[in-house]
Amino acid sequence: MGHTLAAEHPEVRAFESTVESVDGRAVTLAETYFYPEGGGQPADRGTLGNTAVVDVRSGADGVVHTLAEEPAFAAGDTVGGVVDDDFRTYCMRAHTASHVLYGAGRRLLDDLGYGGFGIDEEKVRVDFATSTDVTDDVLVDLERLVNRAVWDSRDVSWEERAVEDARADDDVAFNTKTEEGAMADADAVRIVTVEGWDVAACGGTHVSNTREIGPVTVLDRSNPGEGLTRVEFAVGPVGIDRRAATHRGARAAARELGVALEDLPEAVARVADERDRLADDVAALREELLVGRLRGLDASAVDGVDWRVGVVSGFDANAVGEAAQSVVGDGEEAPGAVAAVGDGAAPFVVVASAGAVDAGDVVDAVTDEFGGGGGGSPTFAQAGGLDADPEAVVSFLRER
């Protein structure tokens with residue numbers, strides 16, 4: 001009752017069938033060539049009796065077609081159905097490409113399992129359960145092998161097999177999140193074979209030869225859960241445009257660096273090394289600058305201790321703290337304490353001491369006076385979020 005023939009005859013786009021029931025906008029047919037959403041593949045689009053089909057799902061009463069509005073036909077009528085050719089063709093190509101990608105995974109990934117699958121209008125995902133780290137190089141190899149299998153024009157076929165036989169065959173891949181639940185009470189399972197490449201339990205629609213898939217572009221990878229690697233790819237215009245954009249960007253980068261395209265990786269590595277070296281140089285110079293600024297702060301004598309006290313701009317509290325500790329321990333003529341106040345709407349204060357002053361007590365006094373929070377040890381303490389002008393904090397430190 002109301003079964004679908006879409007998977008067995010994916011090439012059918014127009015058909016006639018007897019209406020079995022109409023419940024508002026929900027329609028069931030004696031048989032249908034619309035594919036109901038399931039197994040990671042979206043529902044077909046199209047029309048029944050010239051009324052748009054907005055959803056197709058399998059239910060207890062068979063395949064239910066949800067229409068955009070209540071239909072003019074009734075139970076017992078013969079109605080014409082038209083499956084949207086563009087979307088069905090896209091889904092066939094995308095679904096078959098996922099099998100080819102899994103076949104590529106068989107050749108590259110260890111401890112391979114099938115963790116999930118899905119198609120949307122711009123990309124397709126396959127979740128691999130694997131112990132292999134799917135690096136950039138692995139992604140490139142997956143894409144290369146998929147497109148080679150497309151180029152080789154491998155036949156794609158499907159057949160029903162006994163569930164026990166299929167499960168006993170180690171070559172058959174099962175998508176544990178889709179196929180096993182659907183066939184829990186079934187005696188047979190549908191097996192899709194990509195000649196010499198992949199064998200999998202699958203109820204979706206497929207092309208009859210891999211050459212019909214067209215170019216496949218791997219887009220990205222992610223980790224949707226422990227032990228899983230999600231690989232996203234595109235077929236059709238999205239994949240073609242992505243590949244063109246990547247090629248254009250690579251050529252622009254090579255041109256900017258003055259190297260041939262094949263030499264781009266080495267050139268980028270050299271630029272990255274130079275960037276890291278310059279970053280280290282800049283960091284060292286900033287540290288020298290900061291230490292010089294702290295040494296040059298105004299000297300103040302507080303309780304017989306030589307202090308350097310003032311406002312410092314352009315550095316965060318951690319950098320100032322490290323520099324302040326190096327200043328108080330830098331030689332016999334080093335100050336006994338350094339108190340630096342960071343400039344900004346909510347200033348911070350950093351206090352470093354050679355031992356004659358309790359830095360923690362100083363910071364506590366500052367926060368008691370100006371708010372904020374912090375603390376530390378006798379030799380180093382800091383606080384942030386002070387509710388005061390930085391110069392007011394400096395004046396307080398000099399006068400305490």
Does region 65-84 contain at least one residue that is under 28 Å from Asp241 (Cβ atoms), among the charged types (D, E, K, R) and not in a strand (DSSP E or B)?
yes
Give just the number: which of (1) in contact (Cβ under 8 Å) with a residue 40 or more places away in the chain; (2) within 23 Å of Leu228 (Cα to Cα); (3) of a type outside the set (A, V, I, L, M) does Thr135 not satisfy?
(1)
For region 66-96, what are the residues that are open to solvent by 30 Å² or more (accessible area, probe 1.4 Å) and among the hydroxyl-bearing types (Ser, Thr, Tyr)?
Thr66, Thr78, Thr89, Tyr90
With the checklist (1) within 30 Å of Val238 (Cβ to Cβ); (2) of a type outside the set (S, T, N, Q); (3) in contact (Cβ under 8 Å) with a residue 24 or more places away in the chain in hand, flag the one item Arg57 doesn't pass.
(3)
Can you say whether Glu232 is modelled with pLDDT of 95 or more and among the acidic types (Asp, Glu), as far as the supplied structure shows?
yes
Filter pass, Phe396 being farther than 18 Å from Arg308 by Cα, touching a Phe, Trp or Tyr at 6+ places or on another chain (Cβ under 8 Å) and not small (Gly, Ala, Ser)
no
When (1) part of a strand (DSSP E or B); (2) open to solvent by less than 10 Å² (accessible area, probe 1.4 Å); (3) not small (Gly, Ala, Ser) are applied to Asp44, the one that fails is (1)
Report, by residue number, each residue of region 327-358 that is over 48 Å from the mean Cα position of the chain (by Cα), of a type in the set (A, V, I, L, M) and either open to solvent by 10 Å² or more (accessible area, probe 1.4 Å) or farther than 18 Å from Leu397 by Cα (or both).
Ala334, Ala354, Ala356, Val357
If you go through Arg293, Arg230, Arg286, the only one that is of a type outside the set (A, V, I, L, M, F, W, C), touching a Phe, Trp or Tyr at 6+ places or on another chain (Cβ under 9 Å) and open to solvent by less than 80 Å² (accessible area, probe 1.4 Å) is Arg230
If we ask which residues in region 296-315 are outside any strand (DSSP E or B) and either surrounded by 11 or more Cβ atoms within 10 Å (Cβ to Cβ) or of a type in the set (S, T, N, Q) (or both), their number turns out to be 4
Of all residues being surrounded by 13 or more Cβ atoms within 10 Å (Cβ to Cβ), among the acidic types (Asp, Glu) and farther than 19 Å from Cys202 by Cβ in region 97-144, which is modelled with the lowest pLDDT? Just the residue, please.
Glu122
Among the residues of region 105-122, is any within 21 Å of the chain's Cα centre (by Cα) and basic (Lys, Arg)?
no
Find the residue count for region 1-34, including only residues that are closer than 16 Å to Arg57 by Cα, open to solvent by 20 Å² or more (accessible area, probe 1.4 Å) and part of a loop (DSSP other than H, G, I, E, B).
6
Considering Tyr114, Tyr102, which residue is of a type in the set (Phe, Trp, Tyr), assigned to a helix (DSSP H, G or I) and closer than 18 Å to Leu228 by Cα?
Tyr102
Scanning region 193-233 for residues that are more than 15 Å from the chain's Cα centre (by Cα) and among the hydrophobic types (A, V, I, L, M, F, W, C) gives Val194, Trp197, Val199, Ala200, Ala201, Cys202, Val207, Ile213, Val216
Within region 355-400, can you find the residues that are part of a loop (DSSP other than H, G, I, E, B), under 18 Å from Glu322 (Cβ atoms) and in contact with a strand residue (DSSP E or B) (Cβ under 7 Å, 6 or more places away or on another chain)?
Pro378, Thr379
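The values are calculated or read from the model by the stated rules, or taken from the named source; none is laboratory data. Since this is a predicted model, take the numbers as computed values, not measurements. We place every Cβ from the backbone using ideal geometry, glycine too, and count neighbours over all the protein chains shown. For the accessible areas, the whole protein counts, side chains as well, though only heavy atoms, and no ligand, DNA or RNA atoms are used. Shrake-Rupley method; radii C 1.70, N 1.55, O 1.52, S 1.80 Å.
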